[in-house]
Amino acid sequence: MLPATENKESCWLKRGAIIRVAADVRTGRQGEFVDNAVDWVAVDWGTSNLRAWGIGADGSVVFEKSSPKGMGKLARDEFAPALVEVLDHLTPETGTRLDVLICGMAGAKQGWLEAPYVEAPTDLRGLFSGAVRPVVDDGRFAPAILPGVCQKAGDDNVMRGEETQLLGLAALNPDFSGLVCMPGTHSKWAQLSGTRIEHFSTAMTGEMFEVLRTNSVLRHSLTGDLDGPARAEGFAAGAADGLEHPERLLGMLFRVRAGSLLSGRQPDWCAGYLSGLLIGTEVASNRHLIGDAPVPLVGSPALCRLYQDVLGMIGADGAPQDATEIVLAGLKAARSFAA
């Protein structure tokens, strides 16, 4: 076996064209050498990062790469170089271009090239028909950016990236029909029926936590170790308050400050209480939509566990999903429906 720092070059036949991948043994999933043909590339371009996967003709992941060059860090003319940098190890020899299918914030108004929203209710199988194609000087790649989904008629809302995850969830669970929760900076709650998104809402829960933690009077109670042993106790207390009295959110937020001043609550308890209060209020606002069926949770594992705990407090079943598997399934499905 080659040492991790030594490069190796391999070639494969792709529909009559040769795709050469020059890579070290870390090109694939940490420590796994690329050993399959790249048929196309799937990209999830978020605000903070971008992730790219080489997809083989059999649908397998040939390589995985990531970059910290998310949409929020790039000017418009920096998107193409950022993509090429991540995929620079791919070299088609016959002059053909490799398809690159992108979801997420690259298609936002402030991104690479705006992909106009598809209006809900809509069947997500038609996502590819709304894709836009930015110009790339590098002749190796043919990128296409999937659109987001919007909601109008007095209930304005938007999503970018989550629609591809919802399509992926539908592809992996063809019989699913119900409520989906997608925790994050801007959490989404969507009603999905097969591949059709009927309605969705957004809760700025994650962003509110950060704003309150850093720019409000509560910051004085949230300095120090926020992940200490009392955080779980504070989270449970906050979640219970949010679930029981969501209408009192603005007043209960001040309990974070008052608790540290009067009851000696430490920063870890205060951080837990604030997180639990916000998530509890969010879940309570969607309680009327939650039925007996498990609610799929698509997001980071740690965040999904918190939502699963809060859902459990009202007797509901949260079902965390593998977010990477979901987005890859969505990108594959979007491409397959375009064929």
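Scanning the range 318-339 turns up one or more residues that are of a type in the set (Asp, Glu) and without any contact (Cβ under 8 Å) to a residue 24 or more places away in the chain. Selection of first residues in the range 140-162 that are farther than 17 Å from Leu127 by Cβ and of second residues that are among the basic types (Lys, Arg) and surrounded by fewer than 23 Cβ atoms within 10 Å (Cβ to Cβ), restricted to Cβ pairs under 8 Å at least 6 apart or on distinct chains, gives the following pairs, ordered by first then second residue: Arg140/Arg97; Phe141/Arg97; Ala142/Arg97; Ala142/Arg133. A count restricted to the range 285-317 and to residues that are touching a residue at least 40 places away in the same chain (Cβ under 8 Å) and assigned to a loop (DSSP other than H, G, I, E, B) stands at 8. For the range 102-125, state whether one or more residues are touching an Asp or Glu at 6+ places or on another chain (Cβ under 8 Å), part of a strand (DSSP E or B), free of Cβ contacts under 8 Å to residues at least 40 places away in the same chain and among the hydrophobic types (A, V, I, L, M, F, W, C). Checked the range 102-125: no residue is touching an Asp or Glu at 6+ places or on another chain (Cβ under 8 Å), part of a strand (DSSP E or B), free of Cβ contacts under 8 Å to residues at least 40 places away in the same chain and among the hydrophobic types (A, V, I, L, M, F, W, C).
Against the condition part of a loop (DSSP other than H, G, I, E, B), touching a helix residue (DSSP H, G or I) at 6+ places or on another chain (Cβ under 9 Å), over 25 Å from Ala293 (Cα atoms) and open to solvent by less than 10 Å² (accessible area, probe 1.4 Å), how does Pro134 come out, does it pass? Answer is no for this residue.
For every residue, the table says whether it meets (1) of a type outside the set (S, T, N, Q); (2) open to solvent by less than 10 Å² (accessible area, probe 1.4 Å); (3) within 20 Å of the chain's Cα centre (by Cα).
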{"position": "Tyr273", "(1), (2), (3)": "yes, yes, no"}
{"position": "Arg287", "(1), (2), (3)": "yes, no, no"}
{"position": "Gly291", "(1), (2), (3)": "yes, no, no"}
{"position": "Leu303", "(1), (2), (3)": "yes, no, yes"}
{"position": "Val310", "(1), (2), (3)": "yes, yes, no"}
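Residue check: is Ala258 of a type in the set (Gly, Ala, Ser) and either over 26 Å from Ile314 (Cα atoms) or modelled with pLDDT under 95 (or both)? Taking the combined requirement at face value, the residue satisfies it.
Return yes or no: is Ala42 part of a strand (DSSP E or B), within 21 Å of Thr96 (Cα to Cα) and modelled with pLDDT of 50 or more? The answer is yes for Ala42. Residues in the range 104-146 that are of a type in the set (Gly, Ala, Ser), at pLDDT 95 or above and farther than 19 Å from Ala42 by Cβ: Ala120 only. Consider the range 88-123 and keep the residues that are hydrophobic (A, V, I, L, M, F, W, C) and over 15 Å from Ala144 (Cα atoms). The one that is surrounded by the fewest Cβ atoms within 10 Å (Cβ to Cβ) is Val118.
Considering the range 258-271, the residues that are open to solvent by 50 Å² or more (accessible area, probe 1.4 Å) and in a helix (DSSP H, G or I) include one that is nearest to Leu218 (Cα to Cα), namely Leu261.
The values are calculated or read from the model by the stated rules, or taken from the named source; none is laboratory data. Keep in mind that this is a model prediction, so the values were computed, not measured. Methodologically, a virtual Cβ is constructed for each residue, glycine included, from the backbone with ideal geometry; neighbour enumeration extends over all protein chains shown. Just so you know, the surface numbers come from the protein's heavy atoms only, side chains and all, with ligands and any DNA or RNA stripped out. Shrake-Rupley method; radii C 1.70, N 1.55, O 1.52, S 1.80 Å.
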